[in-house]
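Notes follow once the structure below has been shown.
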2 protein chains.
Amino acid sequence: MNYFSKKYDNLTPYTPGEQPQDKKYIKLNTNESPFPPSPFSQRLVREYVGDIYLYSDPTVNKLVKVASEKFGVNEDEILFTNGSDEALYYAMLAFCDDSIGAAFPDVTYGFYKVLGDLTNTDCKEIPVKDDLSIDPDDYKNLNRTIFIANPNAQTGLYLTNDEIEDIVKNNKENVVIVDEAYIDFGNESAIPLTKKYENLLVTQTFSKSRSLAGGRLGFAIGNKSLINNLNTLKYSMNPYNVNTMTMYAGIGALIDEDYFKKNCETIVKSRKYLKENLENLGFEVTNSCSNFVLARTAKKSGSDLYKELKEKGILVRYLGDERIKDYVRITVGSKEQLDALLKAIGEIL
Amino acid sequence: MNYFSKKYDNLTPYTPGEQPQDKKYIKLNTNESPFPPSPFSQRLVREYVGDIYLYSDPTVNKLVKVASEKFGVNEDEILFTNGSDEALYYAMLAFCDDSIGAAFPDVTYGFYKVLGDLTNTDCKEIPVKDDLSIDPDDYKNLNRTIFIANPNAQTGLYLTNDEIEDIVKNNKENVVIVDEAYIDFGNESAIPLTKKYENLLVTQTFSKSRSLAGGRLGFAIGNKSLINNLNTLKYSMNPYNVNTMTMYAGIGALIDEDYFKKNCETIVKSRKYLKENLENLGFEVTNSCSNFVLARTAKKSGSDLYKELKEKGILVRYLGDERIKDYVRITVGSKEQLDALLKAIGEIL
């Protein structure tokens, strides 16, 4: 018998990037950091793992204190979540319903659409321009809750804070969620704008720049009232959503600023190296401001390139969405990983 | 401006037990284990924390393999979650909607009601008997999704597997969720019944008997089709819901069976000790089969006893719900903690 509520009849879940267990790949498919967690993160986890017979602090206060100072916000303006996906889910639940739909670009993080379908939210997907960039003018007075990844997922293209501000101030009746998963790779965060606009919610993740993808930590920063709304959902759904080990890993990652900065700088340099070398091989590469590039070549379809690289032990992401079906997305890995990739591509072409 | 969806106007979030940071209490308020995580759990976390720059495995396959063998089920009959609260939330979403309400006892884990309110599910709260026990006959052919904690939260009273089976087979049109958070303290699990009944979902947690409250790990076991439904929600909401450190902590806790068994046996003995001593002090104590007791005395109100114990540095839980407003709930802690508690109660009375 089928007991599943009929409200999910048309729900298609998100497909995470492959995490193959069969053999060791050079993994350039899920935008992880090539650098291990900060030594201080690791030390704190090892030191406190013995305490996890006690419940975690539902307010993760120690982490909130460090983070609020780091990001220049009050403690009641930040909420930590089990990965930023959870913050995005809370935001979709909190700020969308039967009468308030969502809007986001047609090329972006595929999870927004899944969350919209899950929550039965009407979603408007706004086409990006032919060059895959977002036109801020398309996002004014939409009467919808807006989700914008900045830099945008898949393309890596970045909107300036002036452009973000323009969107936020032209949607004062609705919340604008700016998903800054990739902000740390040479860009300016919109967090300071949360002081000025009560309808701006910024989310970030520790999965990319802070080397904690497997630790699962994200956060949202915004006006106290927005954070309070999200907390109402958290405490109605999973009060202890962030575990103690992850809390300490997060504290370590925030305090170890030098390690973080050095890694981000290295990735920005490697991104330039990857882009130039792909262009030398005849690729067209987006002007990515994130820790991945989106690239295509006339010589080989995206899906074939993905398959042939996989045969050579290198995983990249083939997304297959109509607008970017010719492209593959390649994580900016370590120098050694990128050289192996470039060598393999040279052989394939 | 208030951006929060009106659908949450009447939502009252769950209030977790106090986790005070101001001073060191003897904590007997949230039913944690008095024993640290298994040394093997700790060793695995320390060994693998360096890997968390990579995403966790969304299928947590290594843990599923160990658990499916331990619990005698197939790998597609088990789903791990970020605490069992998350499994309960998935179940409420999956198996309740506008046309299918929920039912649970009026004295039980308060989180069911919160989840019902959050998801706008019609909830029928079925009164327990005067002795606080559940009458299985009250749970037949309800045409609702049923949530039963066994042993029951707050009271610790246990239904036999025959009684559970009677409920399950008399609700074949609906899912029966048996929340076995407290099953390991001398009781028989209903997990084997999931082989026979496709409408039975059993949830368990690593927070009590397995000393991982702060690690956040729970699971659901049931027919492949039910687990598939829950997975559809997981992959639409938070595909990487269980982090790598928690996965390894869980593996350690399952493999270190001797440690687990010894701790459970100690707690069962300590429960008897606590009950007898409270009765000697004039308390009426439920016949708890869990790692807590529910106790009241004519000499002192529950709320006063809670307050006066807190002043003496001992935290117990005063729940305050109408049906149990005279009682306090006391976690079965270590022998030293219980002796300190009994001494303090002796002084207070």
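The values are calculated or read from the model by the stated rules, or taken from the named source; none is laboratory data. Just so it is clear, the model here is predicted, and its values are computed rather than measured. So basically every Cβ, Gly included, is an ideal-geometry build from the backbone, and we count neighbours across all protein chains shown.
Here are a few things to note about the model shown:
- Yes/no for B:Thr266 being in a helix (DSSP H, G or I) and within 10 Å of chain A (Cβ to nearest Cβ): no
- Failed criterion for A:Asn82 (all others in (1) surrounded by fewer than 22 Cβ atoms within 10 Å (Cβ to Cβ); (2) within 14 Å of another protein chain (Cβ to nearest Cβ); (3) not aliphatic (A, V, I, L, M) hold): (1)
- Enumeration of residues in region A:96-118 that are surrounded by fewer than 18 Cβ atoms within 10 Å (Cβ to Cβ), in contact with a helix residue (DSSP H, G or I) (Cβ under 8 Å, 6 or more places away or on another chain) and closer than 17 Å to B:Lys234 by Cβ: A:Asp117
- Scanning region B:228-239 for residues that are at the interface with chain A (Cβ under 7 Å from one of its Cβ atoms), under 22 Å from the mean Cα position of the chain (by Cα) and not in a loop (DSSP other than H, G, I, E, B) yields a single hit, B:Asn229.
- Set B:Val73, B:Val66, B:Val107: member being closer than 26 Å to A:Gln19 by Cα, out of contact with any Pro (no Cβ under 6 Å at 6 or more places or on another chain), in a loop (DSSP other than H, G, I, E, B) and more than 12 Å from chain A (Cβ to nearest Cβ): B:Val73
- Options A:Asp339, A:Asp326; residue that is of a type outside the set (Phe, Trp, Tyr) and part of a loop (DSSP other than H, G, I, E, B): A:Asp326
- Residue match in region B:320-342 (condition: surrounded by 21 or more Cβ atoms within 10 Å (Cβ to Cβ), closer than 23 Å to B:Gly17 by Cα and of a type in the set (Lys, Arg)): yes
- Residues of region A:245-276 satisfying the condition of being among the basic types (Lys, Arg) and buried (at least 21 other Cβ atoms within 10 Å of the Cβ): A:Arg271
- Taken together, the residues in region B:16-50 that are surrounded by fewer than 18 Cβ atoms within 10 Å (Cβ to Cβ), in contact with a Phe, Trp or Tyr (Cβ under 9 Å, 6 or more places away or on another chain) and of a type in the set (Asp, Glu) amount to 2.
- Counting only residues that are in contact with an Asp or Glu (Cβ under 9 Å, 6 or more places away or on another chain), closer than 17 Å to B:Gly250 by Cα and not β-branched (Val, Ile, Thr), region B:171-219 holds 10 of them.
- Condition broken by B:Val242, with the remaining ones in (1) surrounded by 21 or more Cβ atoms within 10 Å (Cβ to Cβ); (2) over 30 Å from B:Asp131 (Cβ atoms); (3) more than 12 Å from every other protein chain (Cβ to nearest Cβ); (4) of a type in the set (Val, Ile, Thr) satisfied: (3)
- Matching residues in region A:312-349 - criterion: being touching a strand residue (DSSP E or B) at 6+ places or on another chain (Cβ under 7 Å), within 20 Å of A:Asn291 (Cα to Cα) and among the β-branched types (Val, Ile, Thr): A:Ile314, A:Val316, A:Ile324, A:Val328, A:Ile330, A:Thr331, A:Val332
- When residues of region A:195-235 are limited to those that are without any contact (Cβ under 8 Å) to a residue 40 or more places away in the chain and crowded, with 24+ Cβ neighbours inside 10 Å, the one nearest to A:Val168 (Cα to Cα): A:Leu200
- Annotation: of all residues in region A:51-63 being in contact (Cβ under 8 Å) with a residue 12 or more places away in the chain and more than 7 Å from every other protein chain (Cβ to nearest Cβ), the one that is surrounded by the most Cβ atoms within 10 Å (Cβ to Cβ) is A:Val60.
- If you go through region B:185-215 and keep only what is among the hydroxyl-bearing types (Ser, Thr, Tyr), touching a helix residue (DSSP H, G or I) at 6+ places or on another chain (Cβ under 6 Å) and assigned to a loop (DSSP other than H, G, I, E, B), you end up with B:Tyr197, B:Ser207, B:Ser209.
- The strands (runs of 3 or more DSSP E) falling completely within region A:121-184 that include 3 or more residues that are without any contact (Cβ under 8 Å) to a residue 60 or more places away in the chain map to A:123-126, A:145-149.
- Cβ pairs under 7 Å, 6+ apart, first in region B:277-306 and over 18 Å from B:Asn29 (Cβ atoms) and surrounded by 17 or more Cβ atoms within 10 Å (Cβ to Cβ), second among the hydroxyl-bearing types (Ser, Thr, Tyr) and modelled with pLDDT of 95 or more: B:Cys289/B:Tyr158
- Meets criteria (farther than 26 Å from B:Arg216 by Cβ, in contact with a Phe, Trp or Tyr (Cβ under 6 Å, 6 or more places away or on another chain) and of a type in the set (D, E, K, R)) for B:Arg329: no
- Selection status of B:Glu322, under 22 Å from the mean Cα position of the chain (by Cα), at pLDDT below 95 and more than 30 Å from A:Glu86 (Cβ to Cβ): yes
- All positions within region A:13-52 that are under 18 Å from the mean Cα position of the chain (by Cα) and within 20 Å of A:Leu341 (Cα to Cα): A:Gly17, A:Glu18, A:Gln19, A:Lys27, A:Leu28, A:Asn29, A:Thr30, A:Asn31, A:Glu32, A:Ser33, A:Pro34, A:Phe35
- Taking the criterion of being acidic (Asp, Glu) and either buried (at least 24 other Cβ atoms within 10 Å of the Cβ) or in contact with a Lys or Arg (Cβ under 9 Å, 6 or more places away or on another chain) (or both), the residues of region A:139-179 that qualify are A:Glu165, A:Asp166, A:Asp179.
- Options A:Ala249, A:Ala220; residue that is of a type outside the set (Phe, Trp, Tyr) and part of a helix (DSSP H, G or I): A:Ala249
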